Amino acid sequence: MKPQIEWRSEGLPVGSLVIADLHLDPLGGARVDHFVDWVAALEAPALLILGDLFEAWFGPKTRRLAGAQAIVEALAAMVQRGTQLHVVPGNRDFLLGRDFESWTGGRVHDHGLGVVQNGERWLFLHGDELCTLDVGYQRLKRVLRSGPMRFLGPRLPFTLLKRTARKLREASGKAVARKPVPEKSMQVSAVVAQRSQHQADLLVVGHAHEWRDERPANGPRWIVLDAWEGERDTLRVLAEGAVEPLSHAELTSK
Ligand SMILES: [Mn+2]
């Protein structure tokens, strides 16, 4: 079964921003505070988050953790101020769903978002689907995202959820710095396939945590964002279908 990508005929407004891979701790901390402050100061018509906003998301009860709560509230206030929010879940927060939409007023696009921008087809994915050589991971992903897991995840007792979140915090302090080994990296053939499958002219992803901007033969233009706090962790939509990379810190430091 091929994942359904939602295509919108309405393009993104000029000034829209794209970020990915923040890996924020649902328990909170200095990085969460920084993000909340950034969101509060943000002036943009739309914010797209291409997955792994959270280091882990266990379903609706995760919101009861202090960091998750602060992030949800900051995004909800941002939407109230008039900024559209679009989230493509990542492998770390694939359980983000309808509850998150209703809390924030944003939209969650389970398998990716496509927009028609100045006559071009722009496709936004998290990017783990491009790691096609990592067969073990792709299999695990199908299991994790299956019906039973979607059923069980939200039913995890809160105490167990909190304990798991604490364990993860200890284990994955360096998640953002971690780089995948070659056989787990994104495959150019999978990028090219986005052109034949979805007629994508531009493909924007996160997941690899390292900036690239390439155009493989017969493929779409392919942009990978730096992880949050990287030099090019933000992509801004300009007029006439152009985009520019920048650092998120440039946007709110005046
Ligand atoms: Mn990821």
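Taken over the stretch 221-246, the criterion of being under 19 Å from residue 117 (Cα atoms), touching a strand residue (DSSP E or B) at 6+ places or on another chain (Cβ under 8 Å) and not aliphatic (A, V, I, L, M) is satisfied by 221, 222, 234, 236, 241, 244, 245.
If you check every pair at least six apart or on different chains, which have Cβ atoms under 8 Å apart with a residue in the stretch 186-207 that is closer than 30 Å to residue 229 by Cα and hydrophobic (A, V, I, L, M, F, W, C) first and a residue that is away from the ligand (no atom under 16 Å from the Cβ) and open to solvent by 30 Å² or more (accessible area, probe 1.4 Å) second? These pairs meet every condition: 192/217; 192/218; 200/121; 202/120; 202/121; 202/221; 203/221.
Candidates in the stretch 192-213 are the residues that are within 16 Å of the ligand (Cβ to nearest atom) and either over 18 Å from the mean Cα position of the chain (by Cα) or not aliphatic (A, V, I, L, M) (or both); of these, the one that is most open to solvent (accessible area, probe 1.4 Å) is 210.
Tallying residues that are within 20 Å of residue 81 (Cβ to Cβ) and either in contact (Cβ under 8 Å) with a residue 60 or more places away in the chain or surrounded by fewer than 18 Cβ atoms within 10 Å (Cβ to Cβ) (or both) within the stretch 23-43 yields 9. What about residue 155, is it of a type in the set (D, E, K, R), more than 16 Å from the ligand (Cβ to nearest atom) and modelled with pLDDT under 95? Yes; evaluated as a whole, the condition is true for this residue.
Taking the stretch 220-236 as the range and being of a type outside the set (D, E, K, R) and open to solvent by less than 10 Å² (accessible area, probe 1.4 Å) as the test, the residues that pass are 220, 222, 223, 224, 225, 227, 228, 234, 235. Taking only pairs six or more apart or across chains, which ones have beta-carbon atoms under 6 Å, a first residue in the stretch 124-139 that is farther than 11 Å from residue 224 by Cα and open to solvent by 50 Å² or more (accessible area, probe 1.4 Å), and a second residue that is at pLDDT below 90 and assigned to a helix (DSSP H, G or I)? Filtered contacts from the stretch 124-139: 133/183. Of the residues making up the stretch 77-98, those that are open to solvent by 20 Å² or more (accessible area, probe 1.4 Å) and at pLDDT 95 or above are 77, 79, 80, 81, 82, 84.
All of 155, 107, 150, 142 fail the test of being open to solvent by 70 Å² or more (accessible area, probe 1.4 Å) and in contact with a strand residue (DSSP E or B) (Cβ under 7 Å, 6 or more places away or on another chain), apart from 107. Taking the stretch 169-253 as the region of interest, the strands (runs of 3 or more DSSP E) fully inside it that hold 1 or more residues being at pLDDT 95 or above and of a type in the set (A, V, I, L, M, F, W, C) are 202-205, 221-224, 234-237, 243-246.
Residue count for the stretch 102-139, restricted to those that are of a type in the set (Ser, Thr, Tyr) and within 14 Å of residue 85 (Cα to Cα): 2.
Looking only at the stretch 47-69, filter to residues that are touching a residue at least 60 places away in the same chain (Cβ under 8 Å) and among the small types (Gly, Ala, Ser); which one of those is nearest to residue 212 (Cα to Cα)?
It comes out as 51.
State yes or no: is residue 8 open to solvent by 40 Å² or more (accessible area, probe 1.4 Å), out of contact with any Lys or Arg (no Cβ under 9 Å at 6 or more places or on another chain), basic (Lys, Arg) and at pLDDT 95 or above? Give the derivation first.
Numbers: open to solvent by 40 Å² or more (accessible area, probe 1.4 Å): yes; out of contact with any Lys or Arg (no Cβ under 9 Å at 6 or more places or on another chain): yes; basic (Lys, Arg): yes; at pLDDT 95 or above: no.
In short, no.
The values are calculated or read from the model by the stated rules, or taken from the named source; none is laboratory data. Since the model is a prediction, treat every value here as computed from it, not as a measurement. Positions of Cβ are backbone-derived with ideal geometry, glycine not excepted, and every protein chain shown enters the neighbour counts. Heads up: the accessible areas ignore ligands, DNA and RNA and are worked out on the full protein's heavy atoms, side chains in. Shrake-Rupley method; radii C 1.70, N 1.55, O 1.52, S 1.80 Å.
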